[in-house]
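Colleague: One structure follows; several queries about it will come next.
The values are calculated or read from the model by the stated rules, or taken from the named source; none is laboratory data. Because the structure is a prediction, the values reported are computed rather than measured. Quick reminder, even Gly has a Cβ in these numbers, built from the backbone with ideal geometry, and neighbours come from all protein chains shown. When the accessible area is computed, the model is the full protein with side chains, heavy atoms only, and any ligands, DNA or RNA have been set aside. Shrake-Rupley method; radii C 1.70, N 1.55, O 1.52, S 1.80 Å.
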Amino acid sequence: MLNINTRNLVKATVPVLKEHGVALTRHFYARMFLHNPELKPVFNQGNQQSGSQQQALAMAVLAYAEHIDDPSVLMPVLTLVANKHVSVGIRAEHYPVVGMHLLASIKEVLGDAASDELLAAWAAAYGQLADILIAQESAIYAKAAMTSGGWTGWRGFIVSKKVVESEEITSFYLQPADGGSVPDYKPGQYISVKVFVPELGMMQPRQYSLSCAPGQAYLRISVKREAAMATKPAGLVSNVLHRDCHEGALIDVAPPMGDYVLHEDRDTPVVLISAGVGVTPKLAMLEHLLKQNTRRKIRFVHACRHGGVHAFKQQVRELSEQYGQIKSLTYYEVPRAEDLQSIDYDQQGRLDLQTVASDFILPEADYYICGPRPFMQAQIASLQSLGITSARIHKEAFGSGGFAH
Ligand code: FAD
């Protein structure tokens, strides 16, 4: 525990962090990559370019300063961060490097306002945070190594099959290049993959949820190609995967991670809610529940733009027809002319959980939500207004950081 003087000094920086946090984290990343360019491939350069990583770190530093008296309230989010760190290969030896650049950045950005006393307080606070994360991460590394079929670090996998699921989502079936076992995992978990990005001239990691139930001879991920749009460039890794990773390609894979997982110890109904490519972890959960011959009620609520981008529609429709306990509900925001007679969707417009039939909002259920941040925020707000407690709402965001929601 930090002493009271240190904690007060850190808390006193909250107003400055609110105003200049992003300037600080921008400076920090630029400084670290200038002096330690070997760390660039460890960090998501897409999030660097969009600015979302700087934003996420600024929020993290602010949240830490605000909760310095009791950082344990940040544990859920620190667990999420620790999982991501392990999945991209961050190790204990990286922390002193990051700490050195963070402290130097505080000094350089705050100038005279950064007294020696303040810098010493932040050094102690950073040390405490690093200790918490290093301890969590070493436990996660140990668990990954001990899991059946598990490993730590990167392991080569061959793309054994590539299947187009929609106009923008393609599945990649991955098998260990060493001929060894496929790891066990929990439905909802993700892997990191690492590929060479020619545009950057370096390797880059990204996370992808496992989109099938565990227990197969392969891992499967389903990747949305992030196309260039008027306001933003094409996504780096998703385009490399779609364009360059053909069947037979070798890619690096980190072990399954993440604590957004199906609660298998419960017999509550399961309501799976997604938008777009957020459908992927739900497929693993759905398939797994059925493989286990579950008696739990399952609701599969999905929203997407139109039929052309509606991935896995046939699989979900067939399963809903086959298993009486599944009910599915699909929203197309802007159906195309050819969608109008389609049986693949039920409602036009945006999903609004406050207006769906009562059979999809089951008070005693567990709710698993995945999709873009604004979608998730809207669904969580709706569920809360319908009286669903936070403990029953489980969420995964496909973006950077964990402090933004
Ligand atoms: P990046 O190059 O990383 O860019 C990301 C976004 O930022 C793009 O939309 C890009 O246009 C935008 N951008 C880049 N530069 C700028 C700029 N200068 N200004 C404005 N915008 C900019 N994705 C899936 O498809 N399937 C999954 O199952 C899946 N699961 C995930 C699970 C987890 C736990 C997480 C964290 C993410 C998951 N993702 C998934 C998302 C995935 O990790 C990648 O973020 C996604 O594929 C985009 O990566 P990219 O390299 O193609 O884009």
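Colleague: How large a share of the accessible area of the chain, in percent, is made up of carbon and sulfur atoms when the probe is 1.4 Å and the other protein chains stay in place? Kindly include the intermediate steps, with their values, before the conclusion.
Modeller: Numbers: 9760 of 18140 Å².
Of all accessible area on the chain, carbon and sulfur atoms account for 54 percent.
Colleague: Sort segment 4-146 into rounded, prolate or oblate with this rule: let a ≥ b ≥ c be the square roots of the eigenvalues of the Cα gyration tensor; rounded if a/c is under 1.5, and if a/c is not under 1.5, prolate when a/b is larger than b/c, oblate otherwise.
Modeller: Verdict is oblate for segment 4-146.
Colleague: If you place +1 on the Cβ of every Lys and Arg and -1 on the Cβ of every Asp and Glu, how big does the dipole about the Cα centre of the chain come out, in debye to the nearest 20?
Modeller: Numbers: 37 positive and 39 negative charges, 78 e Å.
Computed about the Cα centre, the dipole is about 380 debye.
Colleague: For the charge dipole of segment 313-385, defined by +1 on Lys and Arg C-beta atoms and -1 on Asp and Glu C-beta atoms about the Cα centroid, which residue among Ser382, Leu329, Gln314 has the Cα displaced farthest towards the positive pole?
Modeller: Ser382
Colleague: At R0 = 56 Å, how high is the FRET efficiency between Val22 and Asn293 if r is their beta carbon distance? Nearest 0.05 is fine.
Modeller: Numbers: r = 50 Å, r/R0 = 0.90.
Taking R0 as 56 Å, the efficiency between Val22 and Asn293 is 0.65.
Colleague: Moving on. Checking the cross-link filter: which lysines have an alpha carbon closer than 16 Å to that of Lys395, excluding same-chain neighbours under 8 positions apart?
Modeller: Once the sequence-local lysines are set aside, what remains near Lys395 is Lys84, Lys186, Lys282.
Colleague: With the Cα gyration tensor of segment 152-289 giving a ≥ b ≥ c as the square roots of its eigenvalues, does the rule (a/c under 1.5 for rounded; else a/b larger than b/c for prolate; else oblate) give rounded, prolate or oblate? Working shown, then result.
Modeller: Values: a/c = 1.95, a/b = 1.29, b/c = 1.51.
Oblate.
Colleague: So how tilted is helix 373-385 from the main axis of the chain? Cα-based, degrees 0 to 90, rounded to 10.
Modeller: The angle comes out near 80 degrees.
Colleague: Please give the length that would be gained between Ser115 and Arg336 if that part of the chain were fully extended, namely 0.36 nm times their separation in residues minus their C-alpha to C-alpha distance (nm, one decimal). Could the numbers behind the result be given before it?
Modeller: Values: separation 221, 0.36 × 221 = 79.56 nm, distance 6.12 nm.
Length difference between fully extended and current span is 73.4 nm.
Colleague: Would you please state which residues of segment 312-335 a label at Gln348 would reach in this model, taking the label point 7 Å out along Cα→Cβ and a backbone N cut-off of under 15 Å?
Modeller: Only 331-335 pass the distance filter.
Colleague: According to a simple spin-label model (label point 7 Å from Cα along Cα-to-Cβ), what is the distance in nm between Glu264 and Ala228?
Modeller: It is 4.5 nm.
Colleague: In nm, give the distance between the simple-model label positions of Ala139 and Lys11, each being 7 Å from the Cα along the Cα-to-Cβ direction.
Modeller: Output for this residue pair reads 2.7 nm.
Colleague: If I fit a long axis through the Cα atoms of helix 75-87 and take the longest principal axis of the Cα atoms of the chain, what angle between them do I get, 0 to 90°, rounded to 10?
Modeller: That works out to roughly 80 degrees.
Colleague: So, for segment 1-120, what is the accessible surface per residue at a probe of 1.4 Å, expressed in square angstrom?
Modeller: Numbers: 5800 Å² over 120 residues.
Computed with neighbouring chains in place, this is 48 Å² per residue.
Colleague: If each of Leu34 and Tyr323 carries a label point 7 Å out from its Cα toward its Cβ, how far apart are those two points in nm?
Modeller: Output for this residue pair reads 5.5 nm.
Colleague: On a 0 to 90° scale, report how tilted helix 94-110 is relative to the longest principal axis of the chain, with both axes built from alpha carbons and the result rounded to the nearest 10.
Modeller: 60 degrees
Colleague: Per DSSP H run of at least 4 residues, take -39500 (n - 2.57); add these up for the chain, divide by its residues and hand me the 222 nm value, nearest 500 deg cm²/dmol.
Modeller: On the way: 11 runs with 158 residues, N = 405.
Using -39500 (n - 2.57) per qualifying helix, the result is -12500 deg cm²/dmol.
Colleague: Dipole size in debye (nearest 20) for segment 4-146 around its Cα centre, Lys and Arg Cβ +1, Asp and Glu Cβ -1? Spell out each step's value before the answer.
Modeller: Numbers: 10 positive and 12 negative charges, 83 e Å.
Magnitude of the dipole: close to 400 debye.
Colleague: In Å, what Rg and Dmax follow from the Cα atoms of the chain?
Modeller: Reported Rg and Dmax, both Å: 22.1, 70.
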